[in-house]
Every structure is written in structure tokens, then in C-alpha cells.
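Everything below concerns the one structure shown next.
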């Protein structure tokens, strides 16, 4: 055995430690709960100079899948972490990676796939990738998340296939335990071994084509994939044994725990299997012959090991944290097929448990094993071959009380059509959004409520995923007094396109009489992951308003970097250290990107200039009523993740505007006009004055050793401001 050291860590920490110990060449990263922290820990190690990994933050999960594919095909060792819908967004790339034989590793902190939106544990993401040609390892404990990352990479490189390591979101990803890791990185790297020589894209002396077009020969590549899986099945016992000799920690295809000749067996994945061990201990103490079987490997499917682990039991309960709706469940079907092939008479009961993060406790294991022992002398519900454990029927007599009063067009049409905005009169307009659970000082709803005062008549709101959505729609209540829809992180604009198409169709047919304004609300990085869809809506000039509250980060997932943030900004995945000084790039200018689409109306506004914001809201509404697309960006403070004083929101916005970091202007049919010129009014200030009140996410930029970085930000802000002034002065720009 080689030296080990003890750490207090959760599952995400353990994954990050494995990534650092292995010495990967590159990691692609995109934040998604509950896997985000694993990447953040790697970025902290990078900032501290503990690793030299090329850590690349993508603009979407699909983009990250492309990034790690590029790293791998260029000969690098690449790794990724993801969850739920993030994994599904990568889906089209996953068979490409396995088909190309790229041996990278992707960690999945398992989480139920939306909708409705849920961030807790479920295995629907894992089930969705069972057939994409990847090795699949299951980590039931924090210790296993570390160990299996090393084992997975060694196996992946031995057979030229990618590998997943799946561990339960929150139950394992955030469960803190004492674990052992390699004391010396050299020992970890010696176990994994030197990266095998492979064809790679950078070999210009021996050029090869990767990912060609293929017709009839495609079946032969699938044969190769299957042969690689069978080769992995042959090699894994030796890899497990080698790891045990180094660490003393034993792994096998499946873990069996309990009686030698059980009458009943429970098969459970990951953390549920660990909880079921307690149930098995208690029942054996009562004289029952029971066992729990916990798979470590799902692909290659360990047919013989599964059969040996359950063979002889009268009844087998296969518990899965996922449901294959309208069919027997995934693992239950596979195990049933395995037993059928040997003529087994065992009864298999499929039980769905824990969806949406419901805990699986030892008493749940006792219940399932007790049912198995008594079967078929159980209730009609328990006799079902496929049943849900832990669901409840609800109260059919319950009739929820109405919590909102629909708004009329008359009461939301005040001061419309008048030449000058009357703020006093507009203060009487009812809000479309009421009580919510946003953090103190959050700028989102200050901006939204102000903007919406400039919109008259009926409104339908569509939200991208973000803080604005999360704090307003906690089931079974809502903050919205108008029709509202949330789809996915990035799909608001495309969803709105479909909605307005049907609205205009039905209005033309006479089925709808009301005039409705459709507004998509985005923020929290939604126009990184969704930028392509926003551009599509702008190119089509789809008649709706899109409003981005720019809070300079993925704030709903913990303050990770998004590209609208300022250079040098501290983020949870762009920390400060000897080797890293926060965000590496200047802020992304969404308005200027959209200028090239030639859409009808673009603008920037701020709560500090209320009359200007409302005037732009009215112009945006007039634009969509005339059949054009309108996009606006408002600056939104985030005291929680910036570390700013929650009472200084308006002061922060004023300083950011006066520092020209968020200029107020509009682009109408390609022509630019400044709405507010702080220079002209003698109010222009340096960016340092704004950073001084914006909190600890920016405060380090004021330190003497960051003077060069502060000056670089100032120079870039000045350059963009001068260009904007020049465009505003020109008649056709």
C-alpha cells in the first residue's frame, strides 16, 4: 500500500481532489446545481497554483461538451462535471465522443430532469445516457467518488471509451465525510498510468480525419464499441484489484451485503444502497435472511455478477430513483432479462423511490424487504410489479383559494400615449408581480416592476431559469398576477417565438380579441447559454420584448462566472489567488452583439434613471406592436454574491452608469442615440469609484498590486464609451 492522507470532504470536493491528483490537461466547466462546486474547487486550486489545468468556462453545457471533445481529440486528458438537464443538453455530443473513442471522464451529480424544475436527487439523467456507449460507474459514498474517478480514467484509457462517474446529488455531492486520498500525487498518477498514445488532431506530419461521414460501415463501428465494452468487462477486475493493493479499498462490479442465502434481495443504487445496509443489519438481527445488492458498474452491464448476487432469492425488489413511464423500470427490466435467461423463477418487484430528492431511509429498506419476504401475501398496492414508493394521493376535495385577481387592460393603462412620462401617475399602476422571496437588496424586481409600469394593457411573461424565476414560483404558490411560463435556462426566447406565432395566428382567425404584449425575462447568465436563441429571435425580428437583468453572474447557482461580468470580477469559479485574478475577459456586450442582427429596437436602461427606463419600455412595446423585436438590458445589483451593502443598490447603479460601465442608450432601426451623457453633465467618474461600493467581488481591484488590471478595465470602458459617443453623433450609426 502507498501512503494515504485523510480529508474532510463532500462528494464534489472529492471529485475535485481526484481531478487535481490525476493531473488532467483540461476541464470544461458550466455551472449547474448540484455539481457546480466540483468545478469551483478545481478553479480554486488553479488560482492557488496547485494545478496547471486548462480550466475553460463554456457558455452552455453543449458548448462544454464540444470543448472537452476538442481537448481530447487534440491528445489531452479532459474531464467535466454536470447534472440533469445539463447532461441532456450535452446529449448530441455524447455518442460522438464514444464513437470517436475519446477516453475522457464526465462526473454526474445525479439530479431529476425538469420539468417541473427540481434541483434535488433523481436518476432520470443517468437513465437517459445508458445507451450512449460510455462506461458507467456508480459512487455510493463520498470515498467512492474519489476512488472511482481514478479507476474510471484508467479503464477508459485502456479501452478508448469515455466514462461517467455518477454520484447522488446533494445526498453524496454535499454529504461531508472523512475520506482517504493519495498522500502523494505521484502515486495517484502512477496508478492511472501514462496516457496511451492515440491518433490526435495535432499530428500534422501524419494527418488523420476524425468523425467522417459514414453510411454502411457504421454498423462496424458499433461492433467496435461493443467489443470495447466487453474488453472493459474483462479488464475491470484487474484494475479493481490493483487499486485495492495500493489503497486497501475494495471495489467490484456489484457489492453484496447481508445474508449468504437470502430469501429476499433488495437492489438499490448509490446512497440508497448505503441506507439499506442499516435495514439489512436490523432485519438479520431479527432472524430474517435478507441482502442488499449495490451495483458499482452499470456499463458494461455485469450480467453474471448480478445473477450471482440475487440468485436463489424468492423475491427481488429493484428500487430505482427514476421511472420509465408506461413500462417496467430500467434496471428491473435488465435484471429480469438476466434471470430469465437462466430460467430463474424469482419474482421481481420494481419500486420507484426518492424522485425529486426524497430521502431514502433505513425504514424504507425495511419496508421493501418485508414486502419481498411476505410476497404475494401483501396488499393489492404492494402486489403491483411496478409501483411508486413514497408517493401520496393528495386530497381530491381540496380546492385552493384564489390568490390573485386578474388585471384588466384599463387599470394597467395609465398615462399611455402622453408625450412625457408622468411618474407620479404611473405610481398608481398595480404591479404584475407581488410577494417573492428574493434576497434583501436584489435589483431584479426593482427593475422589473419599474419597467412594467411603462407597459400598458395585458402582459404575458416568460422567464428563463434564474433567480427571478426561482424566488417567485415556489409550488403551489406564485407571485405573478399575469400569465407566466418558465421553460428552461436558455429557451425563453424560442418559447416566446412559438407563443407569438400562435397568438398572431389565432388573432387573425378571430379566436383571440385581446391585445397582449409578450415579455421574456432573462438574467443570471441566461444570455450566455441562450445567446444563439436570442440571436435567432432578433434575426427573425419576432414581435416580443426580451429584458435581461444583468447581475453579472450565474447568481441562482452561487455566483459563478458569466460573460457579462467585468474583467477581474471575483466569481466562485474564477477566484483570486497567486495564479488567477478573477474573470479573465472583459464584459460581454449583448446589445452590441445584437446590433448586427438589424432587429428593430435595442436599449440599455437603469433604475437610477426611471423616466428613461419607462420611456424605453413604451418604445419597446410600440416596437412589438408594429411587428418588431425589442431587447433591453438593465443593470441589476446582487448584494449577496457581490458582498455589497444591500441598502446601497441605487447608489451602486448610479455610479456604474456615471462611470460609463453601463451606458444608457438605444439603437432604433440601426441608429444609435445616447440617452444620458454623464460627461456632458459633469458627472463622469472613474470605474474605481463604482467598484468601491460594489462589494468584495470587485474590491480587490482597488488594491495596489491590481493597479494594472484596474487600469485595463478603465481603458476598455473608455474605449467603448468613446466609440458609443461617436456612433451616437453619426446620423446613420
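The values are calculated or read from the model by the stated rules, or taken from the named source; none is laboratory data. Quick caveat, the model's predicted, so the values are computed rather than measured. So basically every Cβ, Gly included, is an ideal-geometry build from the backbone, and we count neighbours across all protein chains shown.
May I ask you to verify whether residue 310 is within 28 Å of residue 362 (Cβ to Cβ), outside the structural domain of residue 112 (by TED's automatic domain parsing), buried (at least 17 other Cβ atoms within 10 Å of the Cβ) and touching a residue at least 60 places away in the same chain (Cβ under 8 Å)?
No; evaluated as a whole, the condition is false for this residue.
Restricting to segment 435-462, what's the tally of residues that are free of Cβ contacts under 8 Å to residues at least 60 places away in the same chain, within 26 Å of the chain's Cα centre (by Cα) and either part of a loop (DSSP other than H, G, I, E, B) or on the phi > 0 side of the Ramachandran plot (or both)?
Residues flagged as free of Cβ contacts under 8 Å to residues at least 60 places away in the same chain, within 26 Å of the chain's Cα centre (by Cα) and either part of a loop (DSSP other than H, G, I, E, B) or on the phi > 0 side of the Ramachandran plot (or both) within segment 435-462 amount to 3.
More than 33 Å from the chain's Cα centre (by Cα), surrounded by fewer than 24 Cβ atoms within 10 Å (Cβ to Cβ), farther than 16 Å from residue 367 by Cβ and modelled with pLDDT of 95 or more: does that describe residue 287?
So residue 287 fits the description; yes.
Residue 690 versus (1) crowded, with 23+ Cβ neighbours inside 10 Å; (2) touching a strand residue (DSSP E or B) at 6+ places or on another chain (Cβ under 9 Å); (3) in a helix (DSSP H, G or I): which is the lone unmet condition?
Among (1) crowded, with 23+ Cβ neighbours inside 10 Å; (2) touching a strand residue (DSSP E or B) at 6+ places or on another chain (Cβ under 9 Å); (3) in a helix (DSSP H, G or I), residue 690 violates only (2).
Checking residue 622 against (1) touching a residue at least 24 places away in the same chain (Cβ under 8 Å); (2) surrounded by fewer than 23 Cβ atoms within 10 Å (Cβ to Cβ), which test does it fail?
Here residue 622 meets the rest and fails (1).
Looking only at segment 511-524, decide whether some residue is part of a loop (DSSP other than H, G, I, E, B) and surrounded by 24 or more Cβ atoms within 10 Å (Cβ to Cβ).
The answer is yes, given that some residue of segment 511-524 is part of a loop (DSSP other than H, G, I, E, B) and surrounded by 24 or more Cβ atoms within 10 Å (Cβ to Cβ).
Looking only at segment 157-171, count every residue that is at negative phi and surrounded by fewer than 24 Cβ atoms within 10 Å (Cβ to Cβ) and tell me the total.
3
When the residues of segment 558-589 are filtered to those that are buried (at least 24 other Cβ atoms within 10 Å of the Cβ) and not in a loop (DSSP other than H, G, I, E, B), which remaining residue is nearest to the chain's Cα centre (by Cα)?
The qualifying residue nearest to the chain's Cα centre (by Cα) is 560.
Can you tell me which of (1) without any contact (Cβ under 8 Å) to a residue 12 or more places away in the chain; (2) crowded, with 23+ Cβ neighbours inside 10 Å is the one residue 52 doesn't meet?
Of the numbered conditions (1) without any contact (Cβ under 8 Å) to a residue 12 or more places away in the chain; (2) crowded, with 23+ Cβ neighbours inside 10 Å, the odd one out for residue 52 is (2).
Restricting attention to segment 470-494, which residues are surrounded by fewer than 24 Cβ atoms within 10 Å (Cβ to Cβ), in contact with a strand residue (DSSP E or B) (Cβ under 8 Å, 6 or more places away or on another chain) and outside any loop (DSSP other than H, G, I, E, B)?
If the condition is that a residue be surrounded by fewer than 24 Cβ atoms within 10 Å (Cβ to Cβ), in contact with a strand residue (DSSP E or B) (Cβ under 8 Å, 6 or more places away or on another chain) and outside any loop (DSSP other than H, G, I, E, B), then 480, 484, 485 are the ones that fit.
When you scan segment 105-115, how many residues do you find that are farther than 18 Å from residue 196 by Cα and in contact with a strand residue (DSSP E or B) (Cβ under 7 Å, 6 or more places away or on another chain)?
5
Restricting attention to segment 37-49, report how many residues are closer than 20 Å to residue 585 by Cβ and touching a residue at least 60 places away in the same chain (Cβ under 8 Å).
6
When only residues in segment 455-467 that are out of contact with any strand residue (DSSP E or B) (no Cβ under 6 Å at 6 or more places or on another chain) and surrounded by 24 or more Cβ atoms within 10 Å (Cβ to Cβ) count, which is nearest to residue 637 (Cα to Cα)?
So the residue we want is 467.
From 271, 256, which residue is surrounded by 24 or more Cβ atoms within 10 Å (Cβ to Cβ) and in contact with a strand residue (DSSP E or B) (Cβ under 6 Å, 6 or more places away or on another chain)?
271
Could you check, for segment 610-625, whether at least one of its residues is in the same structural domain as residue 549 (by TED's automatic domain parsing) and not in a helix (DSSP H, G or I)?
No: zero hits.
Look at segment 372-385 and say how many of its residues are surrounded by 16 or more Cβ atoms within 10 Å (Cβ to Cβ) and touching a strand residue (DSSP E or B) at 6+ places or on another chain (Cβ under 7 Å).
Number of matching residues: 3.
Return the only residue of 657, 634 being in the same structural domain as residue 452 (by TED's automatic domain parsing), under 29 Å from the mean Cα position of the chain (by Cα) and under 19 Å from residue 612 (Cα atoms).
634
So residue 498 clears everything in (1) in contact with a helix residue (DSSP H, G or I) (Cβ under 9 Å, 6 or more places away or on another chain); (2) surrounded by fewer than 19 Cβ atoms within 10 Å (Cβ to Cβ) except one condition, right? Which one?
Here residue 498 clears every test but (1).
Is one or more of the residues making up segment 170-188 farther than 26 Å from residue 24 by Cα and not assigned by TED's automatic domain parsing to the domain that holds residue 273?
yes
Output the residue which, of all residues in segment 370-422 that are touching a helix residue (DSSP H, G or I) at 6+ places or on another chain (Cβ under 6 Å) and in a helix (DSSP H, G or I), is farthest from residue 317 (Cα to Cα).
Checked segment 370-422; the qualifying residue farthest from residue 317 (Cα to Cα) is 382.
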